[in-house]
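K.L.:
Before I ask anything, here is the structure I am working with.
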Amino acid sequence: EFYGRGAPYNALTGKDSTRGVAKMSLDPADLTHDTTGLTAEELKSLDDVFTKVYKAKYPIVGYTARRILNEDGSPNLDFKPEDQPHFDIKDEF
């Protein structure tokens, strides 16, 4: 309903949209994992949305390639899915 084709938040699907969530922006330039230059207020907003909305409301159904692969594309052998539901958004910076 919210994330499907033509829905309001469809631009967020299938990508790490961390910056867009922090800025409350659907601008394509903001739909990235890059948090460089975000203000303290935007980072607090990101933490609040992540903790109070995403983590509380949605089950984890997968992970971005940045989490499960090394930079060279090889599998990250240290990645343990069973540990992931407990991570804090600050771990991502």
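K.L.:
If we keep just the residues of segment 59-93 that are under 19 Å from Gly14 (Cα atoms) and among the aliphatic types (A, V, I, L, M), which is modelled with the lowest pLDDT?
P.N.:
Ile89
K.L.:
Also, I was wondering about something else. Having 3 or more residues that are open to solvent by less than 50 Å² (accessible area, probe 1.4 Å) is the bar; report the helices (runs of 4 or more DSSP H) wholly within segment 1-70 that clear it.
P.N.:
Output list reads 18-23, 40-49.
The values are calculated or read from the model by the stated rules, or taken from the named source; none is laboratory data. Predicted, not measured: the structure shown is a model, and the values here were computed from it. The protein model used for the area step is the full one, side chains on, heavy atoms only, and it has no ligands, DNA or RNA in it. Shrake-Rupley method; radii C 1.70, N 1.55, O 1.52, S 1.80 Å.
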